[in-house]
Amino acid sequence: MKTSARLWWQDGAIYQIYPRSFQDSNGDGIGDLPGILSRIDYLATLGVEAVWISPFYPSPMADFGYDVADYCNVDPIFGTLPDFIRLIDALHTRGLRVILDFVPNHSSDQHPWFLESKISRDNPKQDWYLWRDPAPGAGVPESRPPNNWQSHFGGPAWTYNPERGQFYYHSFLRQQPDLNWRNPEVRKAIYAAMRFWLDRGVDGFRMDVLWLLIKDDQFRDNPLNPDWSGGGSSFGRVLPLYTADRPETHEVVAEMRAVMASYPNRDAVLIGEIYLPLRDLVAYYGFDPNTADLRGADMPFNFHLIQTPWNADRIAQLIREYEGQLPTGAWPNWVLGNHDQTRIATRLGEYQARVAAMLLLTLRGTPTLYYGDELGMTDGSIHPDQVRDPAELNQPGIGMGRDPERTPMLWDNSPVAGFTSGQPWLPVNEGAATRNVAAQSSPDAPRSILNLYRKLLALRRQHPALHAGAISYVQSNSGVLSYRRILGDQQFQIFLNLTDDIKRVTSEPGHILLTTILDGEGADVGGITILEAGEGLLIALKNPHIPDPPNKP
C-alpha cells in the first residue's frame, strides 16, 4: 500500500544538468563530471534537493549520449567511473541526491548487443532488437521497408542491414536501434544495468522516452494522420498508434518499479519521460484500484505547462484537470523547461519568465528546473555551420534543432562565460555579459532572477504548506492566475499576472513574502492590491476565514 510518509523527492526541487554544457574542466570545450564537481558549491547553495544528470555513458555521440554503447560506464569525454563516484559522494555529502538519465528504449548501433544481433538470424542476441523482412514487392530489398513507421527525427524508422538481409527499427536515428522489450533477456540486462548504478549510490532514474518501449507485435501500419498537410517533420505523416503507449508498456514500468523497490532503504525515485495527454499520462502511475498501490513510475513527467498557452484561463484549467485526474496517492510534478524545449525566457520574455518561476515553485508537486533557467538564459543563436543536433541536421530548416537550449552555462562575463578554457562545443549566448552567475550574485544586482529563484526555493523549503500542502481555489480572472497553498492553519495566496497590463486583485489580510520583481516584501496587504504587468505575489495570509478541504483544486 502507498504510505503517507513523505519522501525526499516529494518535498524538494530537481535540477537538470546537461553535462556537455555545464562546466568543462580540461579545456576540450565539452562539459564533464569533474566540471560538475567544481561547481558543487553553486548547486548546494541554490536550494534544490536533487541533481538530474543527462547521459554520460560511453557513446559514439551520434545523439550526444542518448545512443548508449555501454550502460555501465562513463565516456572518456565526461571523465571516468571513479570521477562519477567522487561526484556522487560529494553531492551526497552536501545533502544533494543524484538522478541519472537512463536510456532503455534504444542503444547505440555500436553497442556489443547490436553488433552481435546484426551478424545473423541464429545468434544468441538475434532478437534483442526489432528485425523484420522487407515488405513484399518489386525492387531491391532495401527499398521496401516493412511498414510505414516513421522516425521522430524524420524519414522511415527502418534501416536495411545487408548482413541479415533485414530491416531494424529505430524510433530516432539509424544509429539508435530500438531494443526488443518483448524479449525477457533484454529486460534482465537493462534491470542489471539499473542495479549497477543503484549499487553505486544513485538516488533514482529519469527514464528516457518511457512511453515508446513496446511496439505492436503484429507490426501493423500506423494510421495516416488526416491533419498532416505535408509540412514539417515526416513523423507527422502518421499517428503513432502502434509505436507508442502500447498497453504492455505498463507491465515493463511495474518491473522497473520492482527493481527500485528492491532497495527499500534508499527511497530511490523512478521518473518517466512521457509526452501524452493527461488521461494517458497519469496511467503511468500504475494505480491498482483494488489495493490503492502505485505500481508504475513515481512521477510520470508532466510537460503540459510547456505545451499549454501562457494564458491564465488555460493554465487554471490545466491545474484543475491534472489534479482531478491524479490517482489516489499519486504525487504531481511540473516541468517548464528541459534539453528538448525552447527556453522559458525565450518563450515568455524576461518578466513572464519570473512569473513562471513563481508558478513552478509554488504549485503542488515536485518542480524540475533546467540549468540556466534560473539565470533567465535565452536560446542561443546558432549559425547554420554551428548546428550540432542531428534532429536539425536530418531535417534542416524546419526548426527541429535543440542546440539553442543546450548552449553553455553562463558563469561569468569572460569571453566564454567561465565555461571552458578552450573553444566551447556550442557558442556562448550573446547575453552572457550580464546574464551570468557572478553578475546576478553581485550585491549590485539584488533583484536578479537568480536571487528570485534562490528566495523561492528557500521559502519552499521553509514553509511546509509550499512543499506539502494542498492546492485550492485555482482561479483565473482578467489574465491573473490565483490559487492557495494550505497546510493546517498555514495558508498562502499566490497571484500571477500573466498579462502585460497592470491588474487589481482582492486579497485577504496578509503580508507579502515575495514578489517576482523583488520589491515590497514584508508589506501588509488586504483588500485591493495592485499587480504590475508581469508580476507575481506570494502572500502569507493572516487568519484566513474560509475553511478548505485538502487537495481540492
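The values are calculated or read from the model by the stated rules, or taken from the named source; none is laboratory data. Since we're looking at a predicted model, the values are computed, not measured. Heads up, the Cβs are rebuilt from the backbone with ideal geometry, glycines too, and the neighbour counts pull from every protein chain shown.
Keeping to the stretch 209-221, report how many residues are touching an Asp or Glu at 6+ places or on another chain (Cβ under 7 Å) and either part of a strand (DSSP E or B) or of a type in the set (A, V, I, L, M) (or both).
Here the count works out to 3.
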Within the stretch 184-208, tally of residues that are in a loop (DSSP other than H, G, I, E, B) and within 20 Å of Q110 (Cα to Cα): 1
Residue pairs meeting the criteria (Cβ under 8 Å; at least 6 apart or on separate chains; first free of Cβ contacts under 8 Å to residues at least 40 places away in the same chain, in the stretch 304-318; second among the basic types (K, R) and surrounded by fewer than 18 Cβ atoms within 10 Å (Cβ to Cβ)): T308/R314
Qualifying residue in the stretch 192-203 (condition: over 18 Å from the mean Cα position of the chain (by Cα) and either free of Cβ contacts under 8 Å to residues at least 12 places away in the same chain or outside the structural domain of I14 (by TED's automatic domain parsing) (or both)): yes
Residue that is nearest to Y322 (Cα to Cα) [pool: residues in the stretch 277-292 that are buried (at least 17 other Cβ atoms within 10 Å of the Cβ) and out of contact with any Pro (no Cβ under 7 Å at 6 or more places or on another chain)]: A283
Test: residue in the stretch 100-109 that is part of a helix (DSSP H, G or I), within 30 Å of L212 (Cβ to Cβ) and touching a helix residue (DSSP H, G or I) at 6+ places or on another chain (Cβ under 9 Å): no
Residues of the stretch 220-239 that turn out to be at positive phi and in contact (Cβ under 8 Å) with a residue 24 or more places away in the chain, as a count: 1
Top-ranked residue in the stretch 82-99 [being outside any helix (DSSP H, G or I) and in contact (Cβ under 8 Å) with a residue 60 or more places away in the chain; ranked as surrounded by the fewest Cβ atoms within 10 Å (Cβ to Cβ)]: V98
Flag for G79 being closer than 23 Å to F419 by Cβ, in a loop (DSSP other than H, G, I, E, B), of a type outside the set (F, W, Y) and more than 22 Å from the chain's Cα centre (by Cα): yes
Of all residues making up the stretch 36-66, the number that are assigned to a helix (DSSP H, G or I) and surrounded by fewer than 24 Cβ atoms within 10 Å (Cβ to Cβ): 9
Qualifying position, being under 25 Å from Y473 (Cβ atoms), aliphatic (A, V, I, L, M) and modelled with pLDDT of 95 or more, among L369, L361, L410: L361
Boolean, W8 is surrounded by fewer than 21 Cβ atoms within 10 Å (Cβ to Cβ) and touching a residue at least 12 places away in the same chain (Cβ under 8 Å): yes
Leading residue by the ranking (surrounded by the most Cβ atoms within 10 Å (Cβ to Cβ)) among those in the stretch 24-35 that are over 23 Å from L450 (Cα atoms), touching a residue at least 60 places away in the same chain (Cβ under 8 Å) and small (G, A, S): G29
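Determine if the stretch 127-144 includes at least one residue that is closer than 30 Å to R257 by Cβ, in contact with a strand residue (DSSP E or B) (Cβ under 8 Å, 6 or more places away or on another chain), at pLDDT 95 or above and part of a strand (DSSP E or B).
The answer is yes, given that some residue of the stretch 127-144 is closer than 30 Å to R257 by Cβ, in contact with a strand residue (DSSP E or B) (Cβ under 8 Å, 6 or more places away or on another chain), at pLDDT 95 or above and part of a strand (DSSP E or B).
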Lone qualifier among R388, R354 - being surrounded by fewer than 24 Cβ atoms within 10 Å (Cβ to Cβ) and in contact (Cβ under 8 Å) with a residue 60 or more places away in the chain: R388
Hits in the stretch 302-356 - residues which are basic (K, R) and out of contact with any strand residue (DSSP E or B) (no Cβ under 9 Å at 6 or more places or on another chain): R347
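Is it fair to say N413 is surrounded by fewer than 21 Cβ atoms within 10 Å (Cβ to Cβ) and closer than 29 Å to A357 by Cα? Break it down stepwise before answering.
Details: surrounded by fewer than 21 Cβ atoms within 10 Å (Cβ to Cβ): yes; closer than 29 Å to A357 by Cα: yes.
Judged against the criteria, N413 is a match.
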All strands (runs of 3 or more DSSP E) inside the stretch 456-522 with 2 or more residues being free of Cβ contacts under 8 Å to residues at least 40 places away in the same chain, farther than 20 Å from G376 by Cβ and not assigned by TED's automatic domain parsing to the domain that holds P309: 480-487, 503-515
Residue in the stretch 248-258 that is in a helix (DSSP H, G or I) and within 23 Å of P145 (Cβ to Cβ) present: no
